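Working notes, beginning with the structure itself.
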Amino acid sequence: MLKKARKERHIWLDIMLTLLTLELMSYFYYGIRSVVLAAVCIVSASAAEVISIRLMKRRFSADDLTCTSDALIIALMFPAVMDYKIAAIASVFAIVVAKNIFGGRINMIFSPAAAAYVFVLTSWGRKLLQYTEPHVKTGIFEKPEVLVNSASHTFDLTGTFKHSDFEILLGNFSGPSGAVSILLLAVAAVVLMFRRSISVGAFLGTIFGTGFFAVVTPAVSSKADSLKYSLVTNMVLFAAVYIVADKRIAPKRDYYAFFYGLFIGVFSYVIVLTGAKENAIVIISVLFTPAALGFKNLEKHIENAALEQADDALINENAVTEEGIIGE
């Protein structure tokens, strides 16, 4: 149990370090407003966690600090100029409703950040999907003068993406404050997979499913452009790393996790292609909760069958040994 707790803390630290790197890039593009937004989410989520644990008559431990990573994921999926009240409500919803009501940290069934995003999308969708341009910095309590649609929205509707590859890598295009830094996200994915802090199978399945269908049924005339833009828009890479490949949610075995991620990648791409639904992968990750639970139940059945087989083999071995002793 102690070894498992240490592993959870190491995973949390790895996730937090990569998220803080993304937050630093967000600060570079959008200024102090993005940092304050992240702080609001973290404080709100932490307070909700402490109060929830007290009401459930449990002790708050260091392992419960994982709520801060969920809060930071929420902040990075939001526009840098998101209303603080909405951000606070989303963070509380993520911890109280999406996490603790369904069993808490140990028995989590879907990503709290993804559930909070869907909640805000259904309640304040217009504010959620309006952004400032990169390098347009808004004061802590200022209201943005000009808001624009994301580059993903434009691509989904028109099939055009008016940014160079260099700008794409650096995240110099409109969108969620931390989900557009493609180069940093790619590095984070490699590091987290190498350290086994995310589900390798789920991540690769998501990328393969999205990429394969982007080539088979391209969104634009060029298959290469379809592949490239389908992976860098609609928060696909960000969600693949921090939501779909979340080890608390994804199946344990990479084989099953791959198909779990594959289904999410394929269905989210189809929805974007047919309905131009921005950031569909976050919605699909929540809707595919039964798939994750189904794969986990299958894993448990396999593990139980393996244990029973091992027990039967041990019993047979002991019986043979006893017969040999009696025969002597």
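A short reminder: the numbers here are calculations on the coordinates, not readings from a lab. Given the structure is predicted, the values throughout are model-derived calculations rather than measurements. With ideal geometry, Cβ positions are generated from the backbone for all residues, glycine too; neighbour counts draw on all protein chains shown.
Measuring nothing but how far apart in sequence close Cα pairs (under 8 Å, 6+ apart) lie, relative to its length, the chain scores a relative contact order of 17 percent.
Between residue 124 and residue 289, the contour length at 0.36 nm per residue exceeds the alpha carbon distance by 57.1 nm. Taken one residue at a time, the phi angles of region 235-251 give Karplus couplings (6.51, -1.76, 1.60, θ = phi - 60°) of 6, 4, 5, 4, 5, 4, 7, 9, 10, 5, 8, 4, 5, 6, 10, 5, x Hz. Gly and Pro are set to x. Measuring r between the beta carbons of residue 61 and residue 24 and using R0 = 22 Å, the FRET efficiency lands at 0.20. Seen against the Cα atoms of the chain and their longest principal axis, helix 254-275 is set at about 30 degrees. Close amide H partners of residue 171, meaning residues 5 or more places away or on another chain with modelled amide H under 5 Å apart, are 182, 183. Non-local lysine pairs in region 102-245, meaning eight or more places apart or on different chains, with alpha-carbon distances under 27 Å, amount to 7.
Would you work out if region 131-245 is rounded, prolate or oblate? Take a ≥ b ≥ c from the square roots of the eigenvalues of the alpha-carbon gyration tensor; rounded if a/c is under 1.5, else prolate when a/b is larger than b/c, oblate otherwise.
Here region 131-245 falls in the oblate category.
A simple rule links phi to the HN-Hα coupling: the Karplus curve 6.51 cos²θ - 1.76 cosθ + 1.60 with θ = phi - 60°, which for region 279-291 gives 6, 4, 4, 5, 5, 5, 4, 6, 5, 8, 3, x, 5 Hz, with x for Gly and Pro. Principal-axis analysis of the Cα atoms of the chain puts helix 32-55 at an angle of about 40° to the longest axis.
Taking every alpha-carbon pair under 8 Å whose residues sit at least 6 apart, region 180-236 reaches a relative contact order of 32 percent. In this label model, residue 143 and residue 51 are separated by 2.8 nm, measuring between points 7 Å along each Cα→Cβ vector. Site pair residue 10 and residue 106 shows an inter-label distance of 2.3 nm when each label is modelled 7 Å from Cα along Cα→Cβ.
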